[in-house]
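The structure appears right after this line, and notes come after that.
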Amino acid sequence: MWAFASFFHFIFIFLFGISEKEEAKREGTKERQSTGIQEGRESHQMDSHKKMVMALIVACSTLVSILLLLLSLWIYRRKNSYKPQKKKPQSSDAEKGLTLGPFLGRFNSIKMFGKKGSVSLVDYKILEKATNNFLESNILGEGGFGCVYKARMEDNLLVAVKKLDCGSQDAVREFENEVDLLSKIQHPNIISLLGCCTHCDTGFIVYELMHNGSLETQLHGPSRGSALTWHMRMKIALDAARGLEYLHEHCRPPVIHRDLKSSNILLDANFNAKLSDFGLAVADGAHKNNIKLSGTLGYVAPEYLLDGKLTDKSDVYAFGVVLLELLLGRRPVEKLARSQCQSIVTWAMPQLTDRSKLPNIVDPVIKDTMDLKHLYQVAAVAVLCVQPEPSYRPLITDVLHSLVPLVPVELGGTLRVTQTAPSVDPALPPASC
Ligand SMILES: Nc1ncnc2c1ncn2[C@@H]1O[C@H](COP(=O)(O)OP(=O)(O)O)[C@@H](O)[C@H]1O
Ligand SMILES: [Mg+2]
């Protein structure tokens, strides 16, 4: 307001050439001056009147321009309100975010049909050709509403195409939600969206291809985790934590993934892990308690399952379950008998906190290959993440910081690997000869 007042005062001075104080002084001297020159006074009054009108016009138009400027600023800010909260200090090149524009620019086949917002619209015919008419042998994985196919675009670029049967409202919502969220998120540990299209009652989402498939297939598929060493597992956990930290701490509004699990953690050719499957993710904190209960058995936090209470700590719980899968090589829910299941959490909990038992339940593929101190640390983190009381669980940022020292420098952590043989249990007395 003060600025406005000064501004108009300035305009007044500019047009009349005097300030109010000077005007008052002038009035004083006028009284003392002779009043005989009438014609001069009349023309002076006409001039003042004209100047007053001009001043009003200038003032009004300036006011309107300022209001328009403020309005456009407000609209611009609202449009851009979904942004990472702040730039986080990034430790390595791998952590620097990619922007979709330059990423897409590298691939001619994806620039095809113009853009809708920041998502490339891909021609259905091209996807049909690239997947050999959605040939079964090109299936990479199967999900709730359809399959994901490997596709070779015209410029030989390999991509993954999710085909969603949008016959139900739930499928349409998942399709729109995933495209909407992924088009706004770019992070090295979150899958890149390359484009999308709809054809008849089917939705298609094009992603970067993750050559090593999902963590679930790597751990529980035919290779049974043999491709994943201890350090690689720790790197995968760190990557997933980085992706999750970005969603929780750097997106505004924060994003809760809601379906974090090993089949939604994908691995690229170098085993870099990225979070995928954002169909159920929620971005708007205000509505997060009014949405339909969704998730996967074994990963759903108890408070969400029982009371529908959804927070970022629900993702931390699911992350803890993934950490247990990486440590123990077991599925989150194992079938015991025909109708009996056992969760990895209830099965492992008593042994995770007992240092003498813990080494015996580690995945046989990595048994005795790690520093026991590190094993105890990771088990302690996992135990905290799967606490039934959400407030006892750590934030994903704390989890991330506890994992960084366990990952070798060359894999994106801070661990300098000096010894080749695993160290002995620090709890045991030194061996005597
Ligand atoms: N970009 C990708 N690269 C390689 N495989 C993928 C890719 N996206 C998905 N998949 C495979 O398809 C499976 C299902 O994909 P997902 O996006 O999780 O679909 P849904 O929403 O149906 O669960 C994944 O678990 C994975 O095995
Ligand atoms: Mg999935």
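Every number in this text was worked out from the coordinates using simple rules, so none of it is lab data. For clarity, every value in this text was computed on a predicted model and none was experimentally measured. Positions of Cβ are generated from backbone atoms using ideal geometry, with glycine treated the same way; all protein chains shown enter the neighbour counts.
Kindly indicate the residue of the range 123-149 that is more than 7 Å from ligand 1 (Cβ to nearest atom) and among the β-branched types (V, I, T) and also surrounded by the most Cβ atoms within 10 Å (Cβ to Cβ) among those meeting that condition. Let's see the steps before the verdict.
Residues of the range 123-149 more than 7 Å from ligand 1 (Cβ to nearest atom): 123-139, 147, 149.
Next, from what is left, pick out any that are among the β-branched types (V, I, T): 126, 131, 139.
Working: I126: 19, T131: 21, I139: 14.
Looking at the filtered set, the residue picked out is T131.
Test of understanding: among S262, S314, S276, which residue is more than 16 Å from ligand 1 (Cβ to nearest atom), touching a residue at least 24 places away in the same chain (Cβ under 8 Å), crowded, with 20+ Cβ neighbours inside 10 Å and within 20 Å of the chain's Cα centre (by Cα)?
Details: S262 fails: more than 16 Å from ligand 1 (Cβ to nearest atom); S276 fails: more than 16 Å from ligand 1 (Cβ to nearest atom).
Sole residue among the options that is more than 16 Å from ligand 1 (Cβ to nearest atom), touching a residue at least 24 places away in the same chain (Cβ under 8 Å), crowded, with 20+ Cβ neighbours inside 10 Å and within 20 Å of the chain's Cα centre (by Cα): S314.
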Of S226, S263, S276, the only residue that is among the polar types (S, T, N, Q) and away from ligand 2 (no atom under 15 Å from the Cβ) is S226
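Could you list, in sequence order, the residues of the range 188-222 that are assigned to a loop (DSSP other than H, G, I, E, B) and either touching a residue at least 24 places away in the same chain (Cβ under 8 Å) or within 9 Å of ligand 1 (Cβ to nearest atom) (or both)?
Matches in the range 188-222: P188, N189, I191, S192, D201, L209, M210, H211, N212, G213.
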Among the residues of the range 167-187, write down those that are buried (at least 21 other Cβ atoms within 10 Å of the Cβ) and part of a loop (DSSP other than H, G, I, E, B). I185, H187
Here are some conditions: (1) over 30 Å from V417 (Cα atoms); (2) crowded, with 24+ Cβ neighbours inside 10 Å. R252 meets all but one. Which one does it not meet? (2)
I'd like the full set of residues that are assigned to a strand (DSSP E or B) and away from ligand 1 (no atom under 13 Å from the Cβ), limited to the range 150-166. R152
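In the range 314-390, which helices (runs of 4 or more DSSP H) lie fully inside it and hold 2 or more residues that are out of contact with any strand residue (DSSP E or B) (no Cβ under 7 Å at 6 or more places or on another chain) and more than 16 Å from R233 (Cβ to Cβ)?
Working: elements: 344-352, 358-361, 372-385.
The helices (runs of 4 or more DSSP H) meeting that bar are 344-352, 372-385.
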